[in-house]
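FYI, it's all coordinate maths here, none of it is from the lab. These figures come from a predicted structure and were not determined experimentally. Quick reminder, even Gly has a Cβ in these numbers, built from the backbone with ideal geometry, and neighbours come from all protein chains shown.
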Amino acid sequence: MEPLLQHLERFSEVLAVSRTTHVSTWDPVTVRRALQWARYLRHIHKRFGRHACISKALERRLQNQWKQQGDSGPAPAPGLANFQALGLCDQLLSLRLLANPALGDASFHYLLQQLFPGPGVPDAEEESLQGSLARLARRRAAIHMLRFNAYGENPVLQEDSLMKTQAELLLRRLQEVGEAEAGGPGRLLSSLWERSPQNNFLKVVAAALLLPPSSPRHQEEELKLGSPKTPGEEGQELLRWLLGKSDVMVAFCRSLPAGLLTLVAGRHPELSRVYLGLLTDWGRQLHYSLQKGLWIGTESQDVPWEELLSRFQSLCQAPPPLKDEVFTALKSCKAQDGDFEVPGLSIWTDLLLSLGSSA
Amino acid sequence: MAQDSVGLPSDFQFWMHKLSVWDQASTLETQQDTCLHLPQFQEFLRQLYEALKEMDSSAIIERFPTVGQLLAKTCWNPFILAYDESQKILIWCLCCLIKKDPQNSGESKLNSWTRGLLSHILSTFRFNIKEVDLFTQVLGYAPTDYYPGLLKNMVLSLVSELRQNHLNGFNTQRRMAPERVRSLSRVCVPLVTLPDFEPLVEALLTYHGHEPQEVLWPEFCDAVNEAFLLKKISLPASAILCLWLRHLPSLENTMLHLFEKLISSERNFLRRIECFMKDSLLLKFAFKTYFPYASPSLVMVLLQHPKDIPRGLWHQALKHISEMLKEVVEDQTHGSYGGPFESWFLFVHFGGWADMAAEQLLTSEAEAEAPEALLWLLAFSCGPGAGHQQRAQTMVEVKAVLRCLTKLLRSPALSARDLQAAAGEGGQGAPRPPACQQLIRRLVLSFLLRAPGGHAIAREVITLMAQTDAIMHEIIGFLDQTLYRWDHLCVEAPRSRKLARELLAELRGQA
């Protein structure tokens, strides 16, 4: 068992190096060894995939490695995050080497001979690396064709395939990181918030929170090996993080479209409470201008009346209990203000008036 | 192989020219032309590879100085990369260009240029949306990690858009424009053998919109049929049958293929022949009559087996069929559909829709007024050539009969005389056209089989009705058909069935 685990560790290192300029020192023999190791591990994956004790031990060792890298934040391209990844480790290594310009010509030449031996290869198409790499190339072309010829961005954001894919990747990564250690997901999310385009990130979070709970996020050939976490927990982790970060939450509620937020609020009651709280806070910032006959803010970051109204309108079209909660909140605010029926005195009165008879 | 490479230089020129014209295959014409040439180009690539692998890279440059250009142009044509094994053969060709130990900067440059192309085919992926690229990068995923998942989501999204049309007939907001469906079918031509695309291929084959012309690209149908015959795609039988109904050449090719196999395989192996026949699905197909001139969308709708439609939706399905037929029949511009008669023939031969409409009318007590769409269907079924006036008259008469029958259903005691009155027989008013009378007889008989008091008076009613031998034969035929249809649809109606069976046996004995 121990030799196998050491093997795994050494290969992880090799995989990490394969992306760096260090491969310039690799000669064909090194390349051969790396490929052999990858093939061996893939064979292990195939043979012991159903043996819980072996696969668990391997996974634990991988997670330990994660922990060691944990201090530097979520490492870019960790490579082997879990046992499932072993099934594709030779593909992963090959692709990295193929794309690495630092690999010497002789080594590259050798690599090509190994990866693409040509026709008349005896092993079945599905098994061979040549076949799987060709299939990858084909799929890449397929996406390109769909994208540029027949594809439309789905107006329903959470059904848009790009959004959905990013959301699935996010949850997948959260799960991988979560299995390695407890604080992982939170750190990852904070890091994402700081380092990736924020608007896109917020949309992805919304899409992730709207993914169906039992969505299969892994490919069919992967085996779920009694992971301690239940599927759907990553969504909870995400929600917890979001609710705990007030600046992100504010950005989330301000920049995403009203309809989308309503859906998310409908799905996650804890979020709807915070959202309502924010909306009422924003409402309190506005005052009535007699000259203009409008509710306006004083600061530039105040949420304008129209936006506030449109968000409430959307919430009021949601199915109960959300719809009822919203009306209750509005009515209670109106009562606090003095329960006026005349417009211009309390923003809550005016909002309720504008929302119409659906009260 | 020496003889192949003789023709290679001239082929080379030909393909070089083609690739230049096709460029990235972004227009309708270039896509069309590329698709037409995909198999031949793949064959050329294969031959090229066979020639290249015998030479070292310097010899290659001498012999084919523009080979780099040709291969590069190929890399930029996604239709070629998406087809069958072309991407693999292309990679093999590129591998031949890589020099193990470049002697000078020129050779080094060629190496890194070739490596760039290989990267392009395999791993470089730009969706051209910066935010997405950045996000996934920060998350730690390379494009190669996520594009199988992305492809799956794209296919799912497209399938659900196509299916939207199917279920929500007139929900115009989510409908995919016909031009986009066409474009999609064109894009699928090189990709029908990719397993990820099977759901999309199936959705396209079973898609039926409201356009009179076929939306699917004919080369798409050819490609699917070819893939199916070579067992490179697995589709449910219903999808294949849709293919054959929409695209006659596919059916022809399948039959030819079958004959070829039968002729070439050893005649003594009957079991093998049997397998071919079963595999080919043609037996199933033989039960459905083929109408090459019918509106494809109408055919699709009528082809649905009523059993596949949930009972609660039968009414909606019938309404839809009624609307489609009405459009075909009353709109004179669709002259190519052989007029009302073709549509009538189709309607009458598929699925027992007319009988279903009759039953729906009899059982929908919740509706105060019989729905016009169903009445129209019945009127049409008994008189396809009738003019607008005549049909309207028939509908009025049927409505009146239905009203009487509904009233009778509530009366405590049912008598044969009541039914006869309801059927309007006994010479009241002007005699109806015979087809209309026949329709009314069928309605009354249907009613008889289902009404609680029907059992007691059935024989008396039939005696009163069957004034001639011809009518008696008609009644026997109706009972037979009804039983057959109930069996096929697994209709639960034990009392009605028993009655029908008894009556049938008795009448057959008498006749």
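Its DSSP H runs of at least 4 residues, each contributing -39,500 (n - 2.57), put the calculated 222 nm mean residue ellipticity of chain A at -20000 deg cm²/dmol, to the nearest 500.
Taking the Cα centre of the stretch A:257-358 as origin and charging only Cβ (+1 Lys, Arg; -1 Asp, Glu), how large is the dipole, in debye to the nearest 20? Working shown, then result.
On the way: 8 positive and 12 negative charges, 42 e Å.
Approximately 200 debye in magnitude.
Backbone geometry of the stretch B:201-216 corresponds, through the Karplus equation with coefficients 6.51, -1.76 and 1.60 at θ = phi - 60°, to 3J(HN,Hα) couplings of 4, 4, 4, 5, 5, 9, 6, 9, x, 10, 8, x, 8, 5, 8, 6 Hz, x marking Gly and Pro. When peptides B:240-252, B:455-467 are sorted by average Cβ neighbour count within 10 Å, with the highest value leading, the order is B:240-252, B:455-467. Each of A:L290, A:L353, A:N199 was scored by the projection of its Cα onto the charge dipole of chain A, and the greatest displacement toward the positive side belongs to A:N199; charges sit on the C-beta of Lys, Arg, Asp and Glu.
Per-residue shielding of A:100-109, expressed as the average number of other chain Cβ atoms within 10 Å of the residue Cβ, stands at 4. Exceedance of the 20 Å cut-off in Cα-Cα distance is limited, within the set A:K203/B:K130; A:K46/B:K232; A:K164/A:K245; A:K292/A:K331; B:K88/B:K232, to A:K46/B:K232; A:K164/A:K245; A:K292/A:K331.
The order of A:H287, B:H120, going from fewest to most other C-beta atoms within 10 Å of their C-beta, is A:H287, B:H120. Mean per-residue shielding of peptide A:158-168 is 6, counting Cβ atoms of other chains within 10 Å of each Cβ.
Axis angle, to the nearest 10 degrees, between helix A:184-195 and the longest C-alpha principal axis of chain A: 70 degrees. Coordinate range of the alpha-carbon atoms in the stretch B:418-493 per principal axis, descending: 40, 24, 18 Å.
Given the convex hull of the Cα atoms of the stretch A:257-358, what is a quarter of its surface area in nm²? Let's see the in-between values first.
Numbers: hull surface 25.3 nm².
So the Cα hull casts an average projection of 6.3 nm².
For the segment B:94-103, counting C-beta atoms of other chains within 10 Å of every residue's C-beta and taking the mean gives 4.
For helix A:129-145, report the angle its Cα long axis makes with the longest principal axis of the Cα atoms of chain A; keep it between 0 and 90° and round to the nearest 10°. With both axes taken from Cα atoms, the answer is about 30 degrees.
Which of A:S107, A:S191, A:S128 moves most in a GNM of chain A, Cα contacts under 10 Å? Between A:S107, A:S191, A:S128, it is A:S128 that shows the largest mean-square fluctuation. Against chain A, whose longest principal axis comes from its Cα atoms, helix A:258-267 is set at around 70 degrees. Straight-line cross-link reach from B:K231 at under 19 Å between alpha-carbon atoms covers these lysines, not counting any fewer than eight positions away in the same chain: B:K261, B:K278, B:K284.
Annotation: amide H of A:L294 within the under-5 Å range of A:S289, sequence separation 5 or more or interchain, hydrogens built in the peptide plane.
Rounded to whole numbers, the Karplus 3J(HN,Hα) couplings from phi for the stretch B:393-410 are 4, 4, 4, 4, 5, 5, 4, 4, 4, 4, 4, 4, 4, 4, 4, 4, 4, 8 Hz, using 6.51 cos²θ - 1.76 cosθ + 1.60 with θ = phi - 60°, and x at Gly and Pro.
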